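The values are calculated or read from the model by the stated rules, or taken from the named source; none is laboratory data. Being a predicted model, the structure only gives us computed values, none of them experimental. Accessible surface is based on the protein model in full, side chains and every heavy atom, while ligands, DNA and RNA are left aside. Shrake-Rupley method; radii C 1.70, N 1.55, O 1.52, S 1.80 Å.
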Amino acid sequence: MKRYISAILAVLFILAFLSGCARTTFTYHIREDVDFSFFKKVAVMPLENMTTDKFAAEIVRQAVISELLATGAVDVVVPGDVMYAIDRLGIKSVALPTAEQIKNIGKTLNVQGVILGSVEKFGDERLGSVSAPAVTITLMLADTSSGGIVWSTTRSKGGASFAARHFGARTDTLSETTIKVVRESIRTLVGHAR
């Protein structure tokens, strides 16, 4: 009986250890009536920065571009061309373009989709004496033929794991957390694009 209780306690400890990993939350929506193989080339707009880190939005944008290209599912317009088109079209609010502006970007850059979104959290969180990176992003894909949103995701990852909080284990860096959040977000789209 003592051995049985010890085994149960060991299993509970392992489950508590594993469930204490850094938290991840996400939601996503994808329009089921859209053929995502239609999207061959996309433009990634500058992201809205809702953080205190002035470079957060551009860091995440570059990660989005890299991850999209790494999938091989779509081609991505050079960021400078996107900025040139935004300037040429006189778009003032790059983070919140209208449906008509999205259509015009599509025509100007010859793209089928526009990625836009925001960075809500980017930096370290403290829990007691332990700090760990936390990143939250929202990404959307707008169809340039209609200007409508066909895919959207919000993903958050961060905080110290059980092992980091209690045993001093290493946490991911801010860069590693950013790449993971972006990669997991893009995967919800790419699975539909092939």
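Computed quantities for the displayed model
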read-out	value
Principal axis dimensions, largest first and in whole angstrom, of the range 37-158 by Cα	52, 31, 23
Anchor residue 103: lysines whose Cα lies under 30 Å away (excluding residues fewer than 8 positions away in-chain)	40, 41, 54, 92, 121
For the range 24-135, accessible area per residue (1.4 Å probe, heavy atoms of protein chains only), Å²	53 Å²
Carbon/sulfur fraction of accessible area - the range 34-79, other protein chains in place, 1.4 Å, %	59 percent
Heavy-atom SASA rank of 180, 92 (probe 1.4 Å, accessible area, largest first)	92, 180
Heavy atoms of residue 96: accessible area, 1.4 Å probe, square angstrom to 10	110 Å²
Rounded to the nearest 10 Å², the accessible area of residue 48 at probe 1.4 Å	60 Å²
Heavy-atom accessible surface of the range 94-158: percent carbon and sulfur, 1.4 Å	51 percent
